[in-house]
1. So, in region 109-119, of the ones that are open to solvent by 10 Å² or more (accessible area, probe 1.4 Å) and of a type outside the set (Lys, Arg), which residue ends up nearest to residue 30 (Cα to Cα)?
2. Quick check on region 96-108: of everything there that is of a type in the set (A, V, I, L, M) and more than 18 Å from residue 40 (Cβ to Cβ), which residue is farthest from the chain's Cα centre (by Cα)?
3. Considering only region 50-64, state which residues are farther than 10 Å from residue 25 by Cβ and either touching a residue at least 40 places away in the same chain (Cβ under 8 Å) or in contact with a strand residue (DSSP E or B) (Cβ under 9 Å, 6 or more places away or on another chain) (or both).
4. Which fully enclosed strands (runs of 3 or more DSSP E) of region 68-108 have 3 or more residues being touching a residue at least 12 places away in the same chain (Cβ under 8 Å) and open to solvent by 50 Å² or more (accessible area, probe 1.4 Å)?
5. Look through region 61-90, keep the residues that are of a type in the set (D, E, K, R) and closer than 19 Å to residue 120 by Cα, and return whichever of them is farthest from the chain's Cα centre (by Cα).
Amino acid sequence: MTMSSSAHLLIFSIFLISTASTILATDHIVGANRGWNPGINYTLWANNHTFYVGDLISFRYQKNQYNVFEVNESGYDNCTTEGAFGNWSSGKDFIPLNDAKKYYFICGNGQCYNGMKVSVVVHPLPIEPTPHISLPLSSHSAAPMPVVLHRGWGFRLLPLLLFFALIWFGSDWM
């Protein structure tokens, strides 16, 4: 006995909803290929990234040489770890950015004074705009405006949705 198309669609929809937060996260590797090391302009690096709630910030460094502390603004400005919110020392640290706020990270072994600190502003996920379809009112009206996809979660999810739909439903779906 085979499942009906509507049952396939229901199972597929449940799968997408349950995995959406994992699919949407972007892993921002601090310093890119240079990693978490002294002498790098992390302010410039952070200014070239847009961080959203649910993204990850990851630090890559030599395990026994450096570390990462999440601190408040004062700890960031003064390179102190007093009252730190968290600390990591694995050499491959993946830190979830769960709140829309400004985060401050420093190296706690004195390298903060050599530039090993970064602050990032995390934005709420953009809300998907409701697409509006414009129809001409008469034959002399201007052409309808095209629908533009926004960079929100739907835009990120669309290619994956189409990929899985093609696999799940096969050629019968299209």
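The values are calculated or read from the model by the stated rules, or taken from the named source; none is laboratory data. Fair warning: this is a prediction, and the values are worked out from it, not measured in the lab. With ideal geometry, Cβ positions are generated from the backbone for all residues, glycine too; neighbour counts draw on all protein chains shown. Just so you know, the surface numbers come from the protein's heavy atoms only, side chains and all, with ligands and any DNA or RNA stripped out. Shrake-Rupley method; radii C 1.70, N 1.55, O 1.52, S 1.80 Å.
1. We begin by selecting, within region 109-119, every residue open to solvent by 10 Å² or more (accessible area, probe 1.4 Å); these are 109-111, 113-115, 117, 119.
Imposing the further condition that a residue be of a type outside the set (Lys, Arg) reduces the set to 109-111, 113-115, 119.
Numbers: 109: 18, 110: 18, 111: 15, 113: 17, 114: 16, 115: 13, 119: 11 Å.
Filtering region 109-119 for residues that are open to solvent by 10 Å² or more (accessible area, probe 1.4 Å) and of a type outside the set (Lys, Arg), the one nearest to residue 30 (Cα to Cα) comes out as 119.
2. Looking at the filtered set, the residue picked out is 100.
3. 50, 51, 57, 58, 59, 60, 61, 63 - these are the residues of region 50-64 that are farther than 10 Å from residue 25 by Cβ and either touching a residue at least 40 places away in the same chain (Cβ under 8 Å) or in contact with a strand residue (DSSP E or B) (Cβ under 9 Å, 6 or more places away or on another chain) (or both).
4. Fully inside region 68-108 and qualifying: 92-96.
5. To start, the set of residues in region 61-90 that are of a type in the set (D, E, K, R) comprises 63, 70, 73, 77, 82.
If we keep only those that are closer than 19 Å to residue 120 by Cα as well, we get 70, 73, 77.
On the way: 70: 18, 73: 23, 77: 26 Å.
It comes out as 77.
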